[in-house]
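Written out below as structure tokens is the structure these notes cover.
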Amino acid sequence: MADIQAHVRALTTRLNQLTEAASLQPTSAAPSEEDQADAGCTEEEPSEPEWASPPFILLLDPPDYDDELRALAEWVQGVLVPGYLSEPSAEARWCHLWPEHLVAVARLHALWLAWQELTDPASCGNLGPSTWHRDHFDPCIRELRSPSGPFQGCTRGEHMIAHRQPTLVPSAWEVELGKGDDS
């Protein structure tokens, strides 16, 4: 808790410094329409924000999805499996065909994004790896390898994707197609 309070104080001090510096800078007149036209800027064409980091994998379409999955697979096979995953068992399952389990892909991708950010000392300091283990790795692997997780039907000799069907929507919410459409 003391660490968080110290970080908040440091950030507040820095924010105050930046605010003061900005208020001391002279303000300039807004550029004329002619200046904007010369610079190629128009108010009607806002620039689209660029991703600072890769977006969540399930939001990607091919070929971006394929590229991101390939990079994720390199990390899973090169770092996660050899360094963290022991022999699978009934209590701690793992499927070597994990890319075929969409839930596993989503969870592992989120874990990988957190790993990329939290293992960079420039952005997170020395506590990043500990935070990654506690807040990201442990819960993710616990869910993936649980007997009711996405690998529940997979054994050493058999691969099975458990397709969970959602339960029926309560009848008050159901929309019956074709009824009430007399035209």
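Computed values, structure above
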quantity: Net length gained if the chain between residue 148 and residue 86 were fully extended (0.36 nm per residue, minus Cα distance); calculated: 20.5 nm
quantity: Using θ = phi - 60° and Karplus 6.51 cos²θ - 1.76 cosθ + 1.60, couplings along the range 91-106 (whole Hz; Gly, Pro as x); calculated: 8, 9, 7, 8, 10, 5, 9, 4, x, 7, 9, 4, 5, 5, 4, 4
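The numbers here are math on the coordinates, done by the rules we state, and not lab data. Please read all numbers here as calculations on a predicted model, not as lab measurements.
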